[in-house]
Amino acid sequence: MKNDFTLDTERFYRQGFPEAVYSLGKTEKQIIDIVSKMMENPTPVIITKIEKKLAAKIIKKIPKAKYHEKAKMIVINTIKKTGKNYIAVITAGTSDILYAEEAAVVAETLGNKVERIYDVGVAGIHRLFKFSEVIKNAVCVIVCAGMEGALSSVVGGLVSKIVIGVPTSTGYGTGKGGYSALLTMLNSCSPNVCVVNIDNGFGAGIIASIINKKL
């Protein structure tokens, strides 16, 4: 019987990062089959957006897998961290941590060091400034923010590095599931701010890793 999937098994060798297994919409069997095939190579395997109950079933069948509950991710074959450089991952609020952890875990899986700075949004901007040296010394910065999404512009104005904005679906009403935060980040007056899609911590982690590896 033909598989439901066609894997890009050479992506890690070609680009330095693996194809992610996006769990939503996939059955347990599909995920197991995909991961088993990917594990034929000794490269990182990343499953994203996976809930705890399904993750437990996967890990039972693949004991080598590790579940990161805060990130809703499963990781296999993490690369050993090297060097002193690090990526800073910041959130505006505690509710943004899910997406920040996705970015942080992806970056760490690919061998990068990460400094986490959480719950320092613009409603209490003084909280951010005590971490200014940590932020300024990072090779790049990931900022996860919902609501109005203003934190990425603030951080962009403080550092000379690339700031990767992750608009999150945190918020309500006119937040429109992260759309308001996305527009704010896209309209940032800080020209060093770039933006990934709403809730795309995975993409932010990949981009930050590429930046770090190029240094």
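The values are calculated or read from the model by the stated rules, or taken from the named source; none is laboratory data. Quick caveat, the model's predicted, so the values are computed rather than measured. Glycine gets a Cβ as well: all are built from the backbone with ideal geometry, and neighbour counts include every protein chain shown.
So the values come out like this:
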item	result
Any hit, the stretch 4-24, residues being charged (D, E, K, R) and closer than 26 Å to residue 95 by Cβ	no
Residue list for the stretch 65-77, restricted to those being at pLDDT 85 or above and closer than 19 Å to residue 12 by Cβ	65, 66, 73, 74, 75, 76
Of the criteria (1) at pLDDT 85 or above; (2) part of a loop (DSSP other than H, G, I, E, B); (3) of a type in the set (A, V, I, L, M, F, W, C); (4) over 15 Å from residue 76 (Cβ atoms), which one residue 50 fails	(4)
Leading residue by the ranking (surrounded by the fewest Cβ atoms within 10 Å (Cβ to Cβ)) among those in the stretch 106-140 that are in a loop (DSSP other than H, G, I, E, B) and among the charged types (D, E, K, R)	130
Residues of the stretch 19-40 classified as in contact with a helix residue (DSSP H, G or I) (Cβ under 8 Å, 6 or more places away or on another chain), outside any helix (DSSP H, G or I) and either under 13 Å from residue 65 (Cβ atoms) or at pLDDT below 80 (or both), total	3
Filter pass, residue 146 being surrounded by 14 or more Cβ atoms within 10 Å (Cβ to Cβ), at pLDDT below 95 and either among the polar types (S, T, N, Q) or more than 24 Å from residue 107 (Cα to Cα) (or both)	no
Failed condition for residue 209, given (1) more than 23 Å from residue 119 (Cβ to Cβ); (2) free of Cβ contacts under 8 Å to residues at least 24 places away in the same chain	(2)
Residues (buried (at least 18 other Cβ atoms within 10 Å of the Cβ), part of a helix (DSSP H, G or I) and not small (Gly, Ala, Ser)) located in the stretch 166-200	182, 184, 185
Total residues in the stretch 35-58, condition under 15 Å from residue 98 (Cβ atoms) and small (Gly, Ala, Ser)	1
Residue check, residue 192 more than 17 Å from residue 91 (Cβ to Cβ) and at pLDDT 95 or above	yes
Unique match (being of a type in the set (D, E, K, R) and farther than 23 Å from residue 193 by Cα) among 72, 136	72
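For (1) in contact with a strand residue (DSSP E or B) (Cβ under 7 Å, 6 or more places away or on another chain); (2) assigned by TED's automatic domain parsing to the domain that holds residue 142; (3) surrounded by 12 or more Cβ atoms within 10 Å (Cβ to Cβ), each residue gets a yes or a no:
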residue	(1), (2), (3)
22	yes, no, yes
33	no, no, yes
50	yes, no, yes
54	no, no, yes
97	yes, yes, yes
104	yes, yes, yes
